[in-house]
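See structure below.
Only the coordinates and a few stated rules stand behind these numbers; no lab work does. Note that the structure is predicted; figures quoted are calculated from it, not measured. Here Cβ is always computed from backbone atoms with ideal geometry, including for glycine, and neighbour counts include all displayed protein chains.
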Amino acid sequence: MNKDVIRQISVIVSLVVAVAVNGLANALPINGITTAEISDSFAVFFVPAGYVFSIWGLIYLGLFVYAIYQALPAQRENPRLRRTGWIFVISSIANTAWIFCWHYGYYALSVAVMAVLLGTLIAIYWRLETGRTAVSRAEQWAVRVPFSIYLGWITVATIANITILLDYVNWNGWGIAPEVWTVIMLAVAVVVAGLMALRHQDIAYLLVLVWAFAGIGVKQAETPLVANAAWVAAAVVAVMVMVTAAQSRRKPRKLAYAAV
């Protein structure tokens, strides 16, 4: 069998397995507890309201669009899809492994696996050359946008995962209050958002951060310092979205999309 066909099939299979395991994690649930219930059992502030996690539906929808698109015969030799296909398979394996680590209480290992997932998504993002080269409108929406959304969410999830691990091991925060640490992490995330806006002009990535920060503001409403910082962070990134959108409209269309 052609090696490109093997790659295309592997992308689909790995995604189906990851989605199935994530679904079963809450339907069964795995180890008798849902993914969200585990998060809620920790007293951490860098966790958004429950409704925010519905973004996984959008993420998986986008990834299925990507999986179908990359499987098309016309995309078999697409150089960007060739460079990223097997990395995506690894990311799906990491996604699946994380569920088991999380549900069985291996929180340190879950952070390591999450780091692998984040690393693979960064590698994919870089190889897709988002914001740096022109692609067809179809590839923009079927490939780049889904991975921008996925990377944006995993950026937030990685920070949340680390804060939960630190709470689990009773880290004292070097004497700094958890609320203050949360504000610091929000500030760091805003800086990352700024870099993504400047270098990649990636509105999809930025919108995910707005969604997550607003969710933290809602969840932590009874902790004014955290809630206010989260809403400010959401507002700052929302401004980045508007500025980036305005700049994109001023660009010649040929810089945004290649011929379809």
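Conditions (1) crowded, with 18+ Cβ neighbours inside 10 Å; (2) not in a loop (DSSP other than H, G, I, E, B), marked per residue:
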site	(1), (2)
Met1	no, no
Arg7	yes, yes
Val13	no, yes
Val19	yes, yes
Leu24	no, yes
Asn31	no, yes
Ile38	yes, yes
Phe42	no, no
*Considering Gly152, Gly119, which residue is surrounded by 19 or more Cβ atoms within 10 Å (Cβ to Cβ), at negative phi and among the small types (Gly, Ala, Ser)?*
Gly152
*Looking at Tyr66, Tyr51, Tyr60, Tyr107, which is the one that is surrounded by fewer than 16 Cβ atoms within 10 Å (Cβ to Cβ), hydroxyl-bearing (Ser, Thr, Tyr) and touching a helix residue (DSSP H, G or I) at 6+ places or on another chain (Cβ under 8 Å)?*
Tyr51
*Mind checking which residues of region 18-71 are over 19 Å from the mean Cα position of the chain (by Cα), closer than 29 Å to Leu166 by Cβ and of a type in the set (Val, Ile, Thr)?*
Ile30, Ile33, Thr34, Ile38, Val44
*region 1-39, residues that are touching a helix residue (DSSP H, G or I) at 6+ places or on another chain (Cβ under 8 Å) and without any contact (Cβ under 8 Å) to a residue 40 or more places away in the chain*: Leu24, Asn26, Thr34, Ala36
*Positions within region 155-200 being surrounded by fewer than 20 Cβ atoms within 10 Å (Cβ to Cβ), closer than 16 Å to Tyr125 by Cβ and without any contact (Cβ under 8 Å) to a residue 12 or more places away in the chain, in sequence order*: Leu195, Leu198
